[in-house]
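Reading through the structure tokens given below for one structure.
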Amino acid sequence: MPVTGPGCYSCHESMDSWDFTASGLTFHEAFAPTEDCTVCHNASGVASSRVVVTDFHNGLETERVGIIYGGEDLSVSEGKSSPGRSTASSTTRPP
Ligand code: HEC
Ligand code: HEC
């Protein structure tokens, strides 16, 4: 997946889900979802180390977990492997 508003926001919702203050990249906060991210996020652009989604995700798992917990699709993507089944729904167990 390349860097795009619609692609990234499908899970992250908006620029607010990332903290650009620490990295000094706050210019991102002014971008609309329609901004062409690949202008910089491409192999020969200024953000060449962050071109596809795995460039962002790899190695970040233990860092600031939860910062995007409000992301709607997070529950969907995580739900696939989630052990958090509710016991309240045990009345619907299969025969
Ligand atoms: C399928 C859902 C999904 C999509 C699509 C997605 N992400 Fe993520 N992203 C996550 C999840 C879940 C985490 C949290 C991982 C963790 O911290 O354990 C995360 C974490 C991150 C982080 C680290 C959070 C932080 O503040 O340090 C960055 C940066 C990031 N994503 C950038 C992106 C970018 C850029 C895109 C688009 C190219 C993108 N993500 C697309 C689900 C997604
Ligand atoms: C004007 C150039 C430019 C544009 C346009 C741009 N970015 Fe970036 N972005 C950068 C640079 C430079 C970095 C830092 C790359 C690095 O760390 O090597 C970066 C880093 C990021 C990070 C990682 C922040 C972190 O803490 O690791 C995210 C997330 C991100 N951009 C998302 C986006 C999204 C989403 C868009 C489009 C809506 C976008 N960017 C458009 C230049 C840009």
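None of the figures in this text is laboratory data; all of them are computed from the coordinates on show. The shown structure was predicted, so the numbers you read here are calculated from the model rather than taken from an experiment. A quick note on method: Cβ atoms are made from the backbone with ideal geometry, for glycine too, and the neighbour counts reach across all protein chains shown.
Protection proxy ranking for 42-51, 6-15, 26-35, using the average of other Cβ atoms within 10 Å per residue and placing the highest first: 6-15, 42-51, 26-35. With each label modelled as a point 7 angstrom along the Cα→C-beta vector, the VAL46-TYR9 pair spans 2.2 nm.
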